[in-house]
Amino acid sequence: MNNVITRFAPSPTGNLHIGGVRTALYNYLIAKKYHGKFLLRIEDTDRERSKEEYVQDILQSLQWLNITWDQLVFQSQRSDLYINHLKILEEKGSVYKCFCEKDRLEALRKDQMEKKLPIKYDKKCLLNPAPNHGSFVYRLKNERHEKIIIKDNVLGEVTFDPKEFDDLIIRRSDGTFTYNYVVVIDDIDLKITHVIRGVDHLNNTAKQILLYEALGKSLPEFAHIPLIMGSDGKRLSKRHGAASLLEYKTAGFLPEALNNFLARIGWGYKDEEIFTLDELLQKFELNSINPSHGIFNYEKLLWLNGHYLSKKNPAEIISLIKEQLGVAIGDVPASLIELIKPRSKTLQELYDQLLFYVNDEITIQDDAKKMIPPEMIKPAQDLIEEFKANSEWNKQMLEQSFQKVITKHSLKLVQLAQFVRAAVTGKKASPGIFEIIEILGKDRTIRRIESATHFGME
Ligand code: GLU
């Protein structure tokens, strides 16, 4: 395919969410796969609902995922283009002014509802125009009789009866243009070759085809991608997890994992699960998108994130924690990060497990408190004495010290290990206790066991 140009066209009326990002990703992949261009078009014609903060959210989200655009376009800066095309349509006789007032349209609607007729404008201003007065809208004449056929790259052929459609309003009485109109003008002007968007726009596509025809322009390729459902089969919403993409960033997910995860919702390649952006560029095809709804599987996202996290080295992890979670953790030994990495699915989980090292003071969590019972105080004190009597501090020495104390007090290793774990990490679970305290160091370990013995006596 040559000269491929795709676009992602979000309305900045809210934060960018998972479904939107997947649409952006698919558009990006198709453009880049065929060495074409990917455009970002901010559909900000609704001045009341569009907000600068949402524009920023969209830009930052895509940048974070490395979904880079070749051109950025704001619809709010393109009014001249829309006005010029309206003139063209007027000259061609494809549009007419409609002066009907709200009350008349309301009454018409009510009447049609009562008679169980399709709700449609009755073309009064086209068929019996009254002398012009007051405000008006522009409508596109829909005089088509043959079926409208969308040859969709995902859904196959979809047919609409043109009688279902009104004479589309393309300019409102306040002078603003409607979505279906500006989208077509922009897609033509920007030479978009592939319109890839959610299946919820299928009806709009049929209406937009009427506009392409009125302007005498050829149609782009269409691909309507299925919606993303929660695991309960309902349309994805806040209930199913973080709503906006940047919430995943601050929760410690990696961009590689999100791209992989999003690409796989509704698309597959053999039985493979892991795809880097480069691999997606090789393997992704529009016609291999699954036409049925995709399911948002949070467990799978966690699994993928764990996979990509395991590929990062300690220095990368430290800078990602800083960048995504906004915390500087200073010097943490690489060995500790390597130890914790396999036990973490997200940066946040990893960071939580580093806190015992990063912070000077720890708080013993409620569920770990029962691991420091009074009867363990004496053995713990003996362990401290063993540590103090020894000039070394390594795994072998630690194992021997533990062994001496459990033999003396007839304990199981797990009892002493759990006490020390709660004392030094504040938690019920951690990587191997010898590794942990070896890294934490002698002084800090002794201090924490000591304060836990005081706690155990309370
Ligand atoms: N602004 C529309 C939306 O956010 C764009 C739809 C399209 O891609 O044409 O849903």
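From the list Leu168, Leu155, which residue is modelled with pLDDT of 95 or more, open to solvent by 20 Å² or more (accessible area, probe 1.4 Å) and within 30 Å of Asn3 (Cα to Cα)?
On the way: Leu168 fails: within 30 Å of Asn3 (Cα to Cα).
Sole residue among the options that is modelled with pLDDT of 95 or more, open to solvent by 20 Å² or more (accessible area, probe 1.4 Å) and within 30 Å of Asn3 (Cα to Cα): Leu155.
For the range 314-333, what are the residues that are surrounded by 16 or more Cβ atoms within 10 Å (Cβ to Cβ), assigned to a loop (DSSP other than H, G, I, E, B) and modelled with pLDDT of 95 or more?
Residue satisfying the conditions is Val332 alone.
Given the conditions (1) open to solvent by 40 Å² or more (accessible area, probe 1.4 Å); (2) away from the ligand (no atom under 16 Å from the Cβ); (3) under 26 Å from Lys163 (Cα atoms), report the number of the one that Leu215 does not fulfil.
Here Leu215 meets the rest and fails (1).
Can you run down the residue pairs with Cβ atoms below 9 Å, 6 or more apart or on separate chains, where the first is in the range 286-315 and under 19 Å from Ala24 (Cβ atoms) and the partner is among the hydroxyl-bearing types (Ser, Thr, Tyr) and open to solvent by less than 60 Å² (accessible area, probe 1.4 Å)?
Pairs that qualify, where the first residue is under 19 Å from Ala24 (Cβ atoms) and the partner is among the hydroxyl-bearing types (Ser, Thr, Tyr) and open to solvent by less than 60 Å² (accessible area, probe 1.4 Å), are Leu286/Tyr26; Ile289/Tyr26; Leu301/Tyr248.
Does the range 32-41 include one or more residues that are within 16 Å of the ligand (Cβ to nearest atom), open to solvent by less than 10 Å² (accessible area, probe 1.4 Å) and free of Cβ contacts under 8 Å to residues at least 60 places away in the same chain?
yes
Taking the condition touching a residue at least 60 places away in the same chain (Cβ under 8 Å) and closer than 25 Å to Lys217 by Cα, does Tyr179 pass?
Answer is yes for this residue.
Mind listing just one residue for me: the one in the range 403-431 that is free of Cβ contacts under 8 Å to residues at least 24 places away in the same chain and closer than 22 Å to Ala368 by Cα and, of those, most open to solvent (accessible area, probe 1.4 Å)? Can you show your working first?
Within the range 403-431, the subset free of Cβ contacts under 8 Å to residues at least 24 places away in the same chain is 403-404, 407, 410, 412-414, 417, 429.
Keeping just the survivors that are closer than 22 Å to Ala368 by Cα gives 412-414, 417, 429.
On the way: Lys412: 139, Leu413: 74, Val414: 85, Ala417: 12, Ala429: 63 Å².
Only one residue fits best here, namely Lys412.
Can you pull out the residues in the range 191-209 that are more than 11 Å from the ligand (Cβ to nearest atom), surrounded by 16 or more Cβ atoms within 10 Å (Cβ to Cβ) and assigned to a loop (DSSP other than H, G, I, E, B)?
Thr193
Among the residues that make up the range 5-19, is at least one of them over 19 Å from the mean Cα position of the chain (by Cα) and closer than 23 Å to Asn66 by Cβ? Can you show your working first?
Going residue by residue through the range 5-19, those that are over 19 Å from the mean Cα position of the chain (by Cα) are 5-6.
Next, only the ones that are closer than 23 Å to Asn66 by Cβ stay: 5-6.
Yes; the residues of the range 5-19 include at least one that is over 19 Å from the mean Cα position of the chain (by Cα) and closer than 23 Å to Asn66 by Cβ.
Is the range 58-72 home to any residue that is touching an Asp or Glu at 6+ places or on another chain (Cβ under 8 Å) and either crowded, with 22+ Cβ neighbours inside 10 Å or not small (Gly, Ala, Ser) (or both)?
Start the filter on the range 58-72 by keeping residues that are touching an Asp or Glu at 6+ places or on another chain (Cβ under 8 Å), which leaves none.
Checking the range 58-72: not a single residue is touching an Asp or Glu at 6+ places or on another chain (Cβ under 8 Å) and either crowded, with 22+ Cβ neighbours inside 10 Å or not small (Gly, Ala, Ser) (or both).
Just checking, which of Asp122, Asp70, Asp80 is free of Cβ contacts under 8 Å to residues at least 24 places away in the same chain and closer than 28 Å to Ser218 by Cβ?
When all the criteria are applied, what remains is Asp80.
Return a yes/no flag: does the range 73-89 have any residue that is open to solvent by 70 Å² or more (accessible area, probe 1.4 Å), within 30 Å of Glu213 (Cα to Cα) and not in a helix (DSSP H, G or I).
Scanning the range 73-89 turns up no residue that is open to solvent by 70 Å² or more (accessible area, probe 1.4 Å), within 30 Å of Glu213 (Cα to Cα) and not in a helix (DSSP H, G or I).
Just to be sure I understand the filter: pairs with C-beta atoms under 6 Å, separated by 6 or more residues or on different chains, first member in the range 434-450 and over 14 Å from Glu392 (Cα atoms) and in contact (Cβ under 8 Å) with a residue 60 or more places away in the chain, second member of a type in the set (Phe, Trp, Tyr) and open to solvent by 20 Å² or more (accessible area, probe 1.4 Å). Which pairs pass?
Close Cβ pairs (under 6 Å, with a partner that is of a type in the set (Phe, Trp, Tyr) and open to solvent by 20 Å² or more (accessible area, probe 1.4 Å)) do not exist here.
Kindly indicate the residue of the range 160-190 that is outside any helix (DSSP H, G or I) and among the aromatic types (Phe, Trp, Tyr) and also nearest to the ligand (Cβ to nearest atom) among those meeting that condition.
Start the filter on the range 160-190 by keeping residues that are outside any helix (DSSP H, G or I), which leaves 160-161, 165-178, 190.
Filter again for among the aromatic types (Phe, Trp, Tyr), leaving 160, 165, 177.
Values: Phe160: 17, Phe165: 17, Phe177: 13 Å.
Checking each candidate, the answer is Phe177.
The values are calculated or read from the model by the stated rules, or taken from the named source; none is laboratory data. All values reported here derive from a predicted model rather than from experimental measurement. All Cβ positions, even for glycine, are placed from backbone atoms using ideal geometry, and neighbour counts span all protein chains on display. The protein model used for the area step is the full one, side chains on, heavy atoms only, and it has no ligands, DNA or RNA in it. Shrake-Rupley method; radii C 1.70, N 1.55, O 1.52, S 1.80 Å.
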